[in-house]
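The values are calculated or read from the model by the stated rules, or taken from the named source; none is laboratory data. For clarity, every value in this text was computed on a predicted model and none was experimentally measured. Using ideal geometry, Cβ is built from the backbone for each residue, glycine included, and neighbour counts are taken over all protein chains shown.
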Amino acid sequence: MMLLRSSLFSLSMILSTIVAAFGLILMAPLPFAWRARFGSVYAAYNVNMLKWLCGIDYEVEGRENMPDGPAIIFCKHQSTWETYALQMLFPPQCWVLKRELMWLPFFGWGLAMLRPIAIDRSSGRKAVKQIIEQGMQRLKDGIWVVIFPEGTRVPPGVRKRWGVGGALLASRSGAPVVLVAHNAGEFWGRGSFVKRPGTIRVVIGEPMDTSGLSASEINQRGEAWMDETMARISSVPVTEDYDPARHRK
C-alpha cells in the first residue's frame, strides 16, 4: 500500500514541479517577493499531498524564535522534505546549492527564478567567496539565506563536519544565524522511494548573535546545538561519521 501511495505522491510532485517551473518563468519580470510567494504555495501543496497520501505530518517547536529581519538559516539536511518546509516556515529566502541542480529540466529552470547561490563545490575558495559576496547582497536585499552546512543530505545516525562557507558569511555580515533541526530522514530518506508514515519533528533554535564571533566559533556553537537537539528529537542515535565513499549523493 505504501508503495502505491508513494508512487502517487511522486507523480503529483513531478507534475506540480513542471507547473511551478513554468509559472515561475512567466513571473520572471515580477518582484522577487511575488515569485517567492508562488514558490511557497508550490511547497505547501507538496507537503500537504505528502500528508494526505503518505501519512507524513510535522510539528514545529520554536516558531517564536524567528528574528524580525533577514537571517541565515543553518538547517539539518536529511531529506527533500526540508527544502519544501523551509519555504512555508520562513520569509522569502534563497538557497546555497550545487550548481548542477540548475541544469535539471523544469526544476532547475524554476529554481533559477528564486535567486539561488549556485556554487561549484569543487572550486574551493572560489565557492566560499561566492557564498560570502552573493549572500551579503541577498541579506542586504532583505532575503533570508538558507545553508545546509553539511553540504549534502546525510542519513539519520550519521554525522558530517560542517563546511565553513555559511559561517564565514555570518561572521562577515554579522547577520544572526537561525538553527533548524529535524528528523525528516526517518520518514523520507535520501534515495528512498517508499515513504514511512509518522510525524516529523522540527526545532527552530534561538537566533545566534554572530557579532564578534569567528567562523570556527559559529560552527562550533551551531554543531553543538544541532548534536544536542538531534539527540533529543531523533529515534536514530549517531553511530558513525559521514563517509563519501559509502554514503553516495
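Only residues that are out of contact with any helix residue (DSSP H, G or I) (no Cβ under 6 Å at 6 or more places or on another chain) and either surrounded by fewer than 21 Cβ atoms within 10 Å (Cβ to Cβ) or more than 10 Å from ILE72 (Cα to Cα) (or both) were counted in the stretch 156-175, giving 7. Within the stretch 32-43, residues that are among the basic types (Lys, Arg) have Cβ atoms under 7 Å from residues that are surrounded by 19 or more Cβ atoms within 10 Å (Cβ to Cβ) and in a helix (DSSP H, G or I) in these pairs: ARG35/LEU24, counting only partners at least 6 apart in sequence or on another chain.
A residue that is in contact (Cβ under 8 Å) with a residue 24 or more places away in the chain, within 18 Å of the chain's Cα centre (by Cα) and farther than 21 Å from MET230 by Cα can be found somewhere in the stretch 72-87. When the stretch 176-203 is filtered for residues that are surrounded by 22 or more Cβ atoms within 10 Å (Cβ to Cβ) and more than 29 Å from MET2 (Cβ to Cβ), the ones remaining, listed by number, are VAL177, VAL178, LEU179. Taking the listed residues MET102, MET1, the one that is among the aliphatic types (A, V, I, L, M) and surrounded by 14 or more Cβ atoms within 10 Å (Cβ to Cβ) is MET102, with no other qualifying. Within the option set ILE56, ILE72, being more than 27 Å from MET113 (Cβ to Cβ), β-branched (Val, Ile, Thr) and crowded, with 20+ Cβ neighbours inside 10 Å holds for one residue only, ILE56. For the stretch 4-60, a residue qualifies if it is outside any helix (DSSP H, G or I) and either more than 21 Å from LEU104 (Cα to Cα) or among the basic types (Lys, Arg) (or both), and the qualifying residues are PRO29, LEU30, PRO31, GLY55, ILE56, ASP57, TYR58, GLU59, VAL60. Just one of the listed residues (SER235, SER173, SER216) is out of contact with any strand residue (DSSP E or B) (no Cβ under 7 Å at 6 or more places or on another chain), hydroxyl-bearing (Ser, Thr, Tyr) and at pLDDT below 95, and it is SER235.
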